[in-house]
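Each remark here refers to the structure printed beneath this line.
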Amino acid sequence: MNIKKNMKKWLFLALILSAVCIETVSAARLQSCQNQASTANQAVVTNVVSVSESASNRDELVGDEESGNREIVVSNSDLGVQIDGVADEQGSYGQLTLRTPVFQCSLSGTQVQNPTYAPQITTADLDGDGQKEFIIYLTSGYGTGVELNSVQVFRQNGDSIPVQSLNEAIGNQFHSAVQGSNLTLTLNGKTSSIPLSQLAEQPDTQQNTPPVTGGAVQQYEVNGNTLSAIYSLQVGMMTYIGELHANYQYENGTLQLAPASLKLEQQ
């Protein structure tokens, strides 16, 4: 009888020790993932409270962070996700975190506090694997003739899908120059011309810079399962001359910008 009692005691203690060990390992793994996420957008797989739950639960979720001044920047109850961050005195949110029912991860960049330009969260199958990804749009700047967006994409398990830089991709495809009395725009080997006399502002040919600058407006949108981008073109400070439009294609583990098309403003 004593043997049976002792066996039961040892079995009970073994179960307690096993639970403690599992909890310790899980906590250590979570801490490690959080450190990685802060530097490399690595996801933390965790039991995040769905934002479709009560407001008190959402507040409790944000309160879990070490910083006590985190705010919910945007939430989507249909998807069960939210973004929170820390407000600064310059009118932006930093230290942004995306939280889903399955994972949480740090977002790169900042987001303006103006609710007119609130972040957008949507889903689409951008890599063709049959599962929808989370697509996050952030706005880092806005003003007259200016709107700077960025995009980040995450799979359902929290893995990040790299997105080719819009500035880099357009820089490889588009070039401009002043030739005689015309402004020439070359996109992927095809050249268009605009008479300088039609421009409200003349290009500054004294500086060693391209006559056309771009990217004052950078916007993203999803149509079906395709991510597309718009990139504005201008001469001088205020003369808008048109836009470049392009879709992203999933190749070799990256969303890469396909050849763009040029849409000129009627001068």
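Derivation of every value follows stated rules applied to the coordinates shown; laboratory data play no part. The shown structure was predicted, so the numbers you read here are calculated from the model rather than taken from an experiment. Note that each Cβ is placed from the backbone with ideal geometry, even for glycine, and that neighbours are counted across all protein chains shown.
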Notebook entry, point to check: How would you classify the range 107-150 from its alpha-carbon gyration tensor, with a ≥ b ≥ c the square roots of the eigenvalues: rounded for a/c under 1.5, else prolate if a/b is greater than b/c, otherwise oblate?
Noted result: prolate
Notebook entry, point to check: Counting alpha carbon pairs within less than 8 Å and at least 6 residues apart, what relative contact order, in whole percent, applies to the range 77-226?
Noted result: 16
Notebook entry, point to check: D for the range 99-254, whole µm²/s, Stokes-Einstein with Kirkwood Rh over alpha-carbon pairs at 25 °C and 0.890 mPa s: what number?
Noted result: 140
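Which order, highest average first, do 131-140, 110-119 follow once you tally other Cβ atoms within 10 Å for each residue and take the mean per peptide? Each step should come with its number before you reach the end.
On the way: 131-140: 20.1, 110-119: 16.2.
Sorting 131-140, 110-119 by mean packing, highest first, produces 131-140, 110-119.
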